[in-house]
1. Filter region 209-253 down to the residues that are in a helix (DSSP H, G or I) and free of Cβ contacts under 8 Å to residues at least 40 places away in the same chain and list them by number.
2. Do you know which residues across region 146-167 are modelled with pLDDT of 95 or more, part of a helix (DSSP H, G or I) and either more than 21 Å from D380 (Cα to Cα) or touching a Ser or Thr at 6+ places or on another chain (Cβ under 8 Å) (or both)?
3. Just to check your reading of the model, which residue among S295, S252, S259, S265 is at pLDDT below 95 and either assigned by TED's automatic domain parsing to the domain that holds F235 or charged (D, E, K, R) (or both)?
4. Restricting attention to region 354-386, which residues are assigned to a helix (DSSP H, G or I), in contact (Cβ under 8 Å) with a residue 24 or more places away in the chain and not aliphatic (A, V, I, L, M)?
5. What single numbered condition from (1) buried (at least 19 other Cβ atoms within 10 Å of the Cβ); (2) outside any loop (DSSP other than H, G, I, E, B); (3) under 21 Å from the mean Cα position of the chain (by Cα) fails to hold for F119?
6. Being modelled with pLDDT of 95 or more and within 16 Å of D149 (Cα to Cα) narrows it down to one of A90, A95, so name that one.
7. So L256 passes all but one of these: (1) touching a strand residue (DSSP E or B) at 6+ places or on another chain (Cβ under 6 Å); (2) assigned to a strand (DSSP E or B); (3) of a type outside the set (S, T, N, Q); (4) closer than 19 Å to Q224 by Cβ. Which condition number does it fail?
8. Can you go through I112, I126 and tell me which one is closer than 17 Å to V190 by Cα and buried (at least 22 other Cβ atoms within 10 Å of the Cβ)?
Amino acid sequence: MSGSDAKGRLRLELFPRAETAVRSGHPWVYADSIKSQNREGETGELAVMYDKKDRFLAIGLYEADSPIRVRILHYGKPAGIHRNWWLEKAQACLARREGNILKDGTDGARLISGESEGFPGLVADIYAGTLVVKIYAASWLARWEEIEDVFREVFRPQYLILRLSRNITQFAAGMGFTEGFHGEAGEETVVFSENGIRFEAAVLKGQKTGFFLDQRDNRSRVEQLAAGRDVLNVFSFTGGFSLYAARGGARSVTDLDISRHALDSAARNYSLNPSLAGVKRHAVQADAFRWLEESGENYDLIITDPPSLAKRESEREGAARAYARLNLAALRRLRAGGLLIAASCSAHVSAEEFYGAVEEALRENGLPFRELWRYGHAPDHPAAFREAEYLKAVCVELKETAI
């Protein structure tokens, strides 16, 4: 019997507002939302929440030192959390992707999307047989052996990598966990396919889990719009939008990024796709804001997809101004009839604020335009609650006549 079991099940009572949020499906319970609990909790144990009439409300993973004190696993009717429960959850995640996202030409995708699929604080991505599991909540470490076993059974990876967010690395070290391969070691960089285009993923040390899978659908949209156009990919990183534009028949593609490492990675991705060699490619290493505002170059299609401009709530207003500035500069580099695709991955900037910033840039630019589409997350990145809705994108077309 574990220490937690010997002490009895951890029971929590929430304040009414938090109780309402849990009933509505919100996956987090903050420390100051807990009205009372029967004892001190340990990180990784299950916490059961009851309403004021002592009826079951929800069960989740307890985090003793986190502002998010409980991450909800299940709410509604009582349920036992055991290996088969995890197994069924993981199998359901895979079933939603097989034949839909994971299909001929695509062997890289998100398999588990955290809170939105019942695994709060955990994501799992597959890259051509290498499964990368990234943990953002220390509570998972207490259950890692069971979870790893389940993932190996369901996803059947050749290699498995555990990665840890910065906020839990010290806790993980104290438990003997380090980042890296679990079991047999594979390659640090994996080549996978997305809709028939080959990319490298830095699975061991790259950003996120090695690649930005969430923009897959928007990359496909760029491909459909690129024919005969000179395309500029701003904050190009590893060149994802550029490769799709090249396959879509672009006249030329230009990658703009301040990082030489990113531009070199994009060049390697081009070399993985020799069928695209006929499209002229240019690489510019520069600060994107300054280059757009000072360059005299013009394009027919520009994509602006910067890294998060607001990593905390206090940066939200400044980020909104930066989005307006960035996209105004891009609009002024567009030829008549050109297209702008503007994207944001800043969770702290709402969709309303982001689209408002783009609209502000359009008004200041002074040319009539029409909006073609807006889009959020790819299907393998579901967002089941407000805080998960980080990705926004909009496509507008400029007209020729001044207002």
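1. R219, S220, E223, Q224, S242, A246
2. E146, D149
3. None of the other options fit; the residue is S295.
4. Listed by number, the residues that qualify are F354, Y355, G356, E360, E364, N365.
5. (2)
6. After applying the criteria, what remains is A90.
7. All conditions pass for L256, except number (4).
8. Matching residue, one of I112, I126: I126.
The values are calculated or read from the model by the stated rules, or taken from the named source; none is laboratory data. Fair warning: this is a prediction, and the values are worked out from it, not measured in the lab. A quick note on method: Cβ atoms are made from the backbone with ideal geometry, for glycine too, and the neighbour counts reach across all protein chains shown.
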